[in-house]
1. Please determine, by comparing only the residues of the range B:101-111 that are touching a helix residue (DSSP H, G or I) at 6+ places or on another chain (Cβ under 8 Å) and over 22 Å from residue A:257 (Cβ atoms), which one is surrounded by the fewest Cβ atoms within 10 Å (Cβ to Cβ).
2. Taking the range A:191-200, which residues are facing chain B (nearest Cβ under 9 Å) and crowded, with 19+ Cβ neighbours inside 10 Å?
3. For the list (1) over 24 Å from the mean Cα position of the chain (by Cα); (2) surrounded by fewer than 18 Cβ atoms within 10 Å (Cβ to Cβ), I need the number of the one condition that residue B:229 fails.
4. I'd like the full set of residues that are within 17 Å of the chain's Cα centre (by Cα) and not in a helix (DSSP H, G or I), limited to the range B:120-136.
5. Would the range A:177-185 turn up any residue that is surrounded by fewer than 21 Cβ atoms within 10 Å (Cβ to Cβ) and within 14 Å of chain B (Cβ to nearest Cβ)?
6. Mind listing just one residue for me: the one in the range B:204-226 that is within 13 Å of chain A (Cβ to nearest Cβ) and surrounded by 20 or more Cβ atoms within 10 Å (Cβ to Cβ) and, of those, modelled with the lowest pLDDT?
7. With the range B:1-88 as the region, which helices (runs of 4 or more DSSP H) entirely inside it contain at least 2 residues that are surrounded by fewer than 15 Cβ atoms within 10 Å (Cβ to Cβ) and at pLDDT 95 or above?
8. Might you let me know whether the range A:260-269 holds any residue that is closer than 30 Å to residue B:190 by Cα, within 14 Å of chain B (Cβ to nearest Cβ) and modelled with pLDDT of 95 or more?
């Protein structure tokens, strides 16, 4: 969110929009399990993108008012259309940047952030802003992946190469594709209390219906999305890139496996005011 | 088990014996959850070592007869003493090598293998032997770690270096410290059916009581155990080694985290006889 829309590593193509929705629907149960908000509460979704998580939030907590923000007007428009088509009326979309929030202090009962901190140059600034607009006693929920958690078989150097390309490109764009492991540290550093990390691990293989399809549509499609950037940036030559992608697909075939961990973090804003940056 | 006792990468010191028992008691709930055998059944525990898992098996399935084998007479003696001290009478210990089993075909109702295949040069030979002594319809349970699953914060190159040293030394000794990801493939290749992989992930931090202690006593102690081998083998110089170990300890301190995944695999021997190596 802190970066300009142009530098968002995954791009904002229609294909990417479809990928994000596939990601959310396939992973919805895994990631949103445990996230239900009380009727009448007001929740800030910071970095809603095309609304992939918004539709799950709105459906899972139908009597909660969501304020979903993003810094990309195109993404917001898509999110709005999607929520409206689904018939949900409990979401307000606003253009806003997580690093320069315009809400009054202590506006929200809860805050939800998913796949957003990974794209921000200084996540502590973002978390500090979010803590300010959260009421004392309110909770923050942060969900992020960590590409270093990818374990797969067959395991090849080329497959790691293409994943590393995305990690490097995301770092060059100011983000961090390995942020999952840092969530506990980041929430503590931002002054949140009662921090609890719930790793959500996926195991995909042909023995588990739909799981290998999800790896293709979500993870491999995301890697494939940076092919041109990786080659143009000199991070991989086209042949090595294509071998790496082929090797990733091989993990979804007979007797292959692909494992990945998302980190879901929850914290609370203490009732006593704390100085930021502690 | 296929290697000579001398080449067992972790050694067989008293300290290592204590480490293995710490490992099993701390992780017992996580790894043995779901493993209970029917009264009256006979189960082969292949590669019991010092009995760290045996004591959990015997206690969790008190009316099951276990036959626990190992190729190290010293380990067997320790295991026997431990089980006897605990008052269990449902375990028979036998010196035997998983790669040259002397039992008649179809002797056992079930087979249990934990932290053993990782030390074997050809795990498919071991699995083929185990399948032969298993009755048709019986199950095999295999539990292995995968050091590639270690995710930690703070994340440093030196910390990865010392882990990589163990991976390399274990490979040099004929084993595979990254075998967890291969279990589905190995069981399928050995002709087992109804294969199900259950990853068991641990997340340790100071917010979770005892978890950081477990990382120190189980994981870091295991890495520390190969210090001399790693330095003598030219895999790390003493300073880099010590920095790596210090960095691993740092992950157990304030706002650090350490995550690791064990893979628990279950398969069944089909009722129809299958050719090996399918």
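1. B:104
2. Correct list: A:195, A:197, A:199.
3. Condition (1) is where residue B:229 drops out.
4. First, pick out the residues of the range B:120-136 that are within 17 Å of the chain's Cα centre (by Cα): B:120-124, B:126-127, B:130.
Of everything in the range B:120-136, those that are within 17 Å of the chain's Cα centre (by Cα) and not in a helix (DSSP H, G or I) turn out to be B:120, B:121, B:122.
5. The first filter runs over the range A:177-185 and keeps only residues surrounded by fewer than 21 Cβ atoms within 10 Å (Cβ to Cβ), leaving A:178, A:185.
Next, from what is left, pick out any that are within 14 Å of chain B (Cβ to nearest Cβ): A:178, A:185.
Yes, the range A:177-185 has at least one match.
6. B:212
7. Values: elements: B:14-32, B:54-60, B:73-85.
Helices (runs of 4 or more DSSP H) meeting the threshold: B:73-85.
8. First pass over the range A:260-269, keeping only residues closer than 30 Å to residue B:190 by Cα: A:260-261.
Keeping just the survivors that are within 14 Å of chain B (Cβ to nearest Cβ) gives A:260-261.
If we keep only those that are modelled with pLDDT of 95 or more too, we end up with A:260-261.
Taking every residue of the range A:260-269 in turn, at least one turns out to be closer than 30 Å to residue B:190 by Cα, within 14 Å of chain B (Cβ to nearest Cβ) and modelled with pLDDT of 95 or more.
The values are calculated or read from the model by the stated rules, or taken from the named source; none is laboratory data. All values reported here derive from a predicted model rather than from experimental measurement. Heads up, the Cβs are rebuilt from the backbone with ideal geometry, glycines too, and the neighbour counts pull from every protein chain shown.
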